[in-house]
Amino acid sequence: MKIIITFTLLTISIICHSQGLKFETQSWNVILQHAKKENKPVFVDIYASWCMPCKKMSSEVFTKDSVAKAYNSNFICCQIDIESTDGALIKNKYDIRYFPTFLFVREDGTLFYKKVGTLDLNSFINLSVCAMKEFNDHNTIQKWDVEFERKKDDKEFLLNYINKRANQGLPYMNIFENYLRLAPIEKQINDEIAKIFSLDMDMIYVGSFAYDYLLSNIQRFNEIWRPRMESLLLFYFNQTVLKAKMENNLALFEKTMTYYDRIFFNDISISKADVYKFFYDINN
């Protein structure tokens, strides 16, 4: 009997410690107060009930013991449904556009790290490491902003500044384009630059300097990131068409269409006629 009881207790203990991430269920303001009391940053999983990638993260990643070990001891963890009251507040405050989005926030509500999209187990654990490194970095974004005024022509500084801003979900495209103009060609086409093109895809539109630069050097980029860079060109094209439609901007649409033949050279999944039908709301 004693052996059975001991085994049962051990089994219960294992189950209790195999539940993965421990999410707080209080309101956003209460969670921030808890973070201040515990002197910990907050990890936030922003999800939508209809989001299949969000469900995949919850079932396949959040439940792992290694994730629990990485997150539960270092962060106050919470999940926020984007369609809830707190979700509406979070969406506007932190510019949430895609799901899932992972936020890392200080006790005063200041965002210090942001990541969008699903991650595998190892990448998600590494995300916690990168976030904690950023949390403990005393060089705040405000200090970087001031330093930028002195180092606008410092190529190494610009790359670090871009990554700093990207980590916090802040715009960086003007800085990136400045870097591309300054750096020699051999420094402009490598893994790091290819990665920057994909850090925040909402920032690049057809006709921008960054877009034209990528298009002009697509073959060289494809040698290191094939087929990733071509897919980015298509994504940027589609989002520019959508932007033109949402803004009823005929000039932007016509300019975007001048790029069609250069972009869809290996892709017949969407015809010019389909694009025109979409823009002009033609159903047949």
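The values are calculated or read from the model by the stated rules, or taken from the named source; none is laboratory data. Because the structure is predicted, anything quoted here is derived from the model rather than measured. All Cβ positions, glycine included, derive from the backbone under ideal geometry; neighbour counts span all protein chains shown. Keep in mind that these areas ignore ligands, DNA and RNA; they rest on the heavy atoms of the full protein, side chains included. Shrake-Rupley method; radii C 1.70, N 1.55, O 1.52, S 1.80 Å.
Counting Lys and Arg as +1 and Asp and Glu as -1 over every other residue whose Cβ lies under 11 Å from the Cβ of residue 121, the net charge comes to -2. Does anyone have the angle between helix 228-246 and the longest principal axis of the chain? Alpha-carbon axes, 0 to 90°, nearest 10? Long axis of 228-246 versus the principal axis of the chain: about 80 degrees.
Figure note: 25, 258 ranked by solvent-accessible area, largest first, 1.4 Å probe, ligands and nucleic acids not counted: 25, 258. Ligands, DNA and RNA left out, the accessible area of the chain computed with a 1.4 Å probe is 54% carbon and sulfur.
Of the peptides 229-241, 134-146, the ranking by mean beta-carbon count within 10 Å, highest at the top, reads 229-241, 134-146. The stretch between residue 195 and residue 147, if pulled fully straight at 0.36 nm per residue, gains 14.9 nm over its current Cα-Cα span.
Per residue, the accessible area of the chain comes to 57 Å² when a 1.4 Å probe rolls over the protein heavy atoms.
Dimensions of the chain along the principal axes, based on C-alpha atoms and rounded to the nearest Å, stand at 78, 55, 38, largest first. When the C-alpha to C-alpha distance is required to be over 19 Å, the pairs from 164/195; 37/93; 93/243; 91/115 that qualify are 37/93; 93/243. Mean projected area of the convex hull spanned by the Cα atoms of segment 96-231, taken over all viewing directions: 9.1 nm². For residue 151, a cut-off of 18 angstrom between C-alpha atoms picks up these aspartates and glutamates, skipping any fewer than 8 places away in its own chain: 177.
On a 0 to 90° scale, report how tilted helix 2-16 is relative to the longest principal axis of the chain, with both axes built from alpha carbons and the result rounded to the nearest 10. Between the helix axis and the principal axis of the chain, the angle is about 30 degrees.
Report note on the peptides 203-209, 244-250: ranked by the mean count of other C-beta atoms within 10 Å, highest first, their order is 203-209, 244-250. For a straight C-alpha distance cut-off of 17 angstrom, the aspartates and glutamates reachable from residue 55 (same-chain residues fewer than eight places away being disregarded) are 45, 81, 83, 120. The aspartates and glutamates within cross-link reach of residue 40, meaning a Cα-to-Cα straight distance under 19 Å and a gap of 8 or more places when in the same chain, are 24, 107, 108, 134, 137. The long axis of helix 28-38 is offset from the longest Cα principal axis of the chain by roughly 60 degrees.
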